[in-house]
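FYI, it's all coordinate maths here, none of it is from the lab. These numbers were taken from a predicted model, which means no experiment stands behind them. We place every Cβ from the backbone using ideal geometry, glycine too, and count neighbours over all the protein chains shown.
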Amino acid sequence: AQSVTQPDIHITVSEGASLELRCNYSYGATPYLFWYVQSPGQGLQLLLKYFSGDTLVQGIKGFEAEFKRSQSSFNLRKPSVHWSDAAEYFCAVGANYGGSQGNLIFGKGTKLSVKP
Amino acid sequence: ETGVTQSPTHLIKTRGQQVTLRCSSQSGHNTVSWYQQALGQGPQFIFQYYREEENGRGNFPPRFSGLQFPNYSSELNVNALELDDSALYLCASSRSGGVGTDTQYFGPGTRLTVL
């Protein structure tokens, strides 16, 4: 079955420090992978996506992610975290449901706190 | 370009009641997907509507039903509410249903509390 695992429930980093959020997926074919961010009480905003091609993907707000097929991973990175990055981050894989594609299976999320 | 909107923002119901949540898709999008996000969890796919037809369904009972209208807006209906239905309900729209590369754009959600 398709699944997404985000091993870290909560991460705290200092402002200006680098960040890496982990994501592992289970999927039989070439996955469509996404990272979304959710601020408290808000919906989800797309940070970046991977469909094919270059395995290093650039997104908004200075985020990037690297697809590693051998490790079934799609980790999110940012070189220097800002206080405004504090939020919950969700990794997702595009899934098949009864022949239709495109619906998302999400991990449980990683909550990011930023220390001043 | 107007984004995805949802109404109401918050809703409180009692067990056994019925509820209807509404979603207006982004301009140019013909596909709407609904997700349930319980507290502390990631969103779970409920179902998708593409050009007014259901186009996929997750592991939710039949008391969760939906509609899509000719203008591609959508409703999520939940009958016989249970306490576990308390969650944030998210609507997402996209350009072309059922395509894996299609990006879904999310609304702000409706927070449903069942007492």
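Can you pull the mean other chain C-beta count within 10 Å for peptide A:23-34?
Shielding by partners across A:23-34 averages 1.
Of the beta bridges DSSP finds with both residues in the protein assembly as shown, what % are antiparallel, to the nearest 5?
In the protein assembly as shown, approximately 90 percent of DSSP beta bridges are antiparallel ones.
Across peptide A:104-112, how many C-beta atoms of other chains are within 10 Å of each residue C-beta, on average?
Across A:104-112, the average partner-chain Cβ count within 10 Å equals 4.
Across the protein assembly as shown, how many lysine pairs, 8 or more positions apart or on different chains, have C-alpha atoms separated by under 21 Å? Please give the number.
For the protein assembly as shown, the number of qualifying lysine pairs is 13.
Based on the alpha-carbon gyration tensor of chain A and its eigenvalue square roots a ≥ b ≥ c, which shape applies: rounded if a/c is under 1.5, prolate if not and a/b is larger than b/c, or oblate?
Verdict is prolate for chain A.
Could you compute the net charge surrounding A:S73? Neighbours are other residues with a C-beta less than 12 Å from the C-beta of A:S73; K and R count +1, D and E count -1.
+2
Only four residue types carry charge here, +1 at the Cβ of Lys and Arg and -1 at the Cβ of Asp and Glu. Report the dipole size of region B:1-99 about the Cα centre in Debye, rounded to the nearest 20.
It works out to roughly 60 debye.
Show me the three semi-axes of the equivalent ellipsoid for the protein assembly as shown, from the C-alpha gyration tensor (sqrt of 5 times each eigenvalue), largest first, rounded to whole Å.
29, 21, 16
Using a Förster distance of 30 Å, how high is the FRET efficiency between A:S70 and B:T103, based on the Cβ-Cβ distance and rounded to 0.05?
After rounding, the FRET efficiency stands at 0.70.
Which percent of Cα-Cα pairs in region A:29-81 sits in each 5 Å bin, short to long?
Per 5 Å bin, starting at 0, the Cα pair percentages come out as 5, 19, 29, 22, 15, 7, 3, 0.
What average count of beta carbons from other chains do you get within 10 Å of the Cβ of residues in A:43-49?
5
Based on the Kirkwood radius over alpha-carbon pairs, what value in µm²/s does the Stokes-Einstein equation return for the translational diffusion coefficient of region B:1-102 at 10 °C and 1.306 mPa s?
It diffuses with D of about 115 µm²/s by this estimate.
Would you kindly state how much longer the chain becomes between B:A38 and B:H10 on full extension, computed as 0.36 nm times their sequence separation minus their alpha carbon distance, in nm to one decimal?
Full extension from B:A38 to B:H10 adds 8.6 nm.
Explain nothing, just the number: relative contact order of region A:1-43, from Cα pairs under 8 Å at least 6 residues apart, as a whole percent.
Over region A:1-43, the number comes to 45 percent.
What are the ³J(HN,Hα) couplings of region A:76-93, residue after residue, when phi is run through the Karplus curve with 6.51, -1.76, 1.60 and θ = phi - 60°? Round to Hz, x for glycine and proline.
9, 9, 8, x, 8, 7, 10, 4, 6, 7, 4, 4, 10, 10, 10, 9, 9, 10
Report ³J(HN,Hα) in whole Hz for each residue of region B:103-112, in order, from the Karplus equation J = 6.51 cos²θ - 1.76 cosθ + 1.60 where θ = phi - 60°; Gly and Pro get x.
The phi angles translate into 7, 9, 10, 9, x, x, x, 10, 8, 9 Hz.
Give me, ordered by chain and number, the residues 5 or more places off B:T31 or on other chains with an amide H under 5 Å from its own placed amide H.
Residues meeting the criterion, in which the H sits 1.01 Å from N, are B:S94.
Most fluctuating residue of A:S14, A:S52, A:S70 in a GNM of chain A with Cα springs under 10 Å: which is it?
Sorting by GNM fluctuation, first place goes to A:S70.
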